1. Find the residue count for the range 218-233, including only residues that are surrounded by fewer than 22 Cβ atoms within 10 Å (Cβ to Cβ) and more than 22 Å from Leu105 (Cα to Cα).
2. Scan the range 166-225 for residues that are of a type in the set (S, T, N, Q) and farther than 14 Å from Ala236 by Cα and report the count.
3. Suppose the filter is within 21 Å of Asp277 (Cα to Cα) and either in contact with a His (Cβ under 8 Å, 6 or more places away or on another chain) or in contact (Cβ under 8 Å) with a residue 12 or more places away in the chain (or both); does Pro94 pass it?
4. Taking Leu177 as meeting all but one of (1) assigned to a helix (DSSP H, G or I); (2) more than 22 Å from Val153 (Cβ to Cβ), write down the number of the exception.
5. Can you give me the number of residues within the range 10-46 that are surrounded by 21 or more Cβ atoms within 10 Å (Cβ to Cβ) and among the small types (Gly, Ala, Ser)?
6. Applying the selection to the range 56-80, what residues are closer than 20 Å to Arg27 by Cα and modelled with pLDDT under 95?
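The values are calculated or read from the model by the stated rules, or taken from the named source; none is laboratory data. Please read these numbers as outputs of a predicted model, since none were measured by experiment. Here the Cβ positions follow ideal geometry from the backbone for every residue, glycine too, while neighbour counts run over all protein chains shown.
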Amino acid sequence: MHVGVDIGGTKMLCRATGPDGVVVDQRRVPTGRDCGPAELDAAIADFVDAVPDVRGIGIACPGLISPGGRRVVVADVLPAVSGWRPRVLDGDVPACLLNDVRAALLAVTEAYPHERDVAVVVSGTGIAAGFTTGDRVHGGADGWAGELGSIPVRDGTGTTTLDGVASGAAILRRLGLPADEVAARAARGDADVLAVVEAAGRALGEGVATLVNLVNPRLLVLAGGTLAYPGYLEAAQASARTHALAEHAAACTVVPDGDPSTLVLRGAVQAARVAADADADTDADAAGVRPR
């Protein structure tokens with residue numbers, strides 16, 4: 001079995017898949033700004049212990065991950081997790097830690113193996129992006145490229161960030177409502193809620209256009225739980241078309257993922273497979289059974 005873990009600002013998703021990729025178990029655990037290393041380690045261990053024959057574990061976490069995936073340097077949406085080194089990294093099962101949008105990019109490149117210049121934008125509690133140039137992931141000097149939510153933008157009160165106007169957290173803060181209530185009111189056509197959701201979507205679209213203009217991807221995939229709010233995705237796509245350079249927009253296909261709330265989780269499972277395969281290759285090399 002391969003176990004993927006997607007840690008977010010409001011929840012953690014755990015998934016176990018068999019060798020054929022079929023999901024055999026899945027769990028949702030609440031998180032929040034006060035959630036810390038002890039709670040995460042305990043929840044991950046509880047899930048892993050319930051899964052038989054675990055061969056690899058992939059943990060996707062928001063924020064900056066240290067080079068080599070040894071610890072979380074800082075995570076704005078989960079401040080108590082800063083400095084965390086997941087306990088499973090020191091266990092007997094091959095495991096890896098990676099940034100959540102990097103996990104999403106891994107899932108996208110697996111789904112579109114013949115596309116060489118691809119990008120992904122994930123909008124959840126916060127917003128982040130990842131992209132490839134040719135067949136290489138652009139990581140930056142420390143592997144921290146892609147903090148799209150941190151780009152400065154102007155709003156009616158001055159300078160803020162894209163996270164501050166376009167993310168799921170921004171929508172909840174503006175409305176002063178929990179996520180399920182926002183979703184319910186938007187589904188009922190509440191004009192005030194829809195106005196806030198659509199304004200956030202338009203702001204995301206401006207961020208997407210910025211990425212398209214800078215990176216010139218052939219394919220850009222949108223994902224994240226915020227896409228579930230009615231009107232958000234449509235506003236983002238329309239805004240991106242309006243603000244991207246015509247030539248860049250014509251060269252880039254912008255599409256939502258088929259299951260946008262689980263793209264990061266699927267990438268974490270893929271990272272678990274990669275970790276397991278790398279460990280198997282190392283064992284084979286050490287045993288002298290794999291040609292070099």
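1. Count: 2.
2. 2
3. yes
4. If we test Leu177 against (1) assigned to a helix (DSSP H, G or I); (2) more than 22 Å from Val153 (Cβ to Cβ), just (1) comes out false.
5. 1
6. Pro62, Leu78
Residues checked against (1) hydrophobic (A, V, I, L, M, F, W, C); (2) in contact with a helix residue (DSSP H, G or I) (Cβ under 8 Å, 6 or more places away or on another chain); (3) farther than 17 Å from Arg87 by Cα; (4) not assigned by TED's automatic domain parsing to the domain that holds Thr17:
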residue	(1), (2), (3), (4)
Leu40	yes, yes, no, no
Ala45	yes, yes, no, no
Asp53	no, no, yes, no
Gly56	no, yes, no, no
Pro67	no, no, yes, no
Arg70	no, yes, no, no
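This table checks each residue for (1) assigned to a helix (DSSP H, G or I); (2) free of Cβ contacts under 8 Å to residues at least 40 places away in the same chain; (3) aliphatic (A, V, I, L, M); (4) not assigned by TED's automatic domain parsing to the domain that holds Thr133.
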site	(1), (2), (3), (4)
Gly207	yes, no, no, no
Thr210	yes, no, no, no
Pro217	no, no, no, no
Val221	no, no, yes, no
Ser239	yes, yes, no, no
Thr242	yes, yes, no, no
Ala250	yes, yes, yes, no
Ala272	yes, no, yes, yes
Asp279	yes, no, no, yes
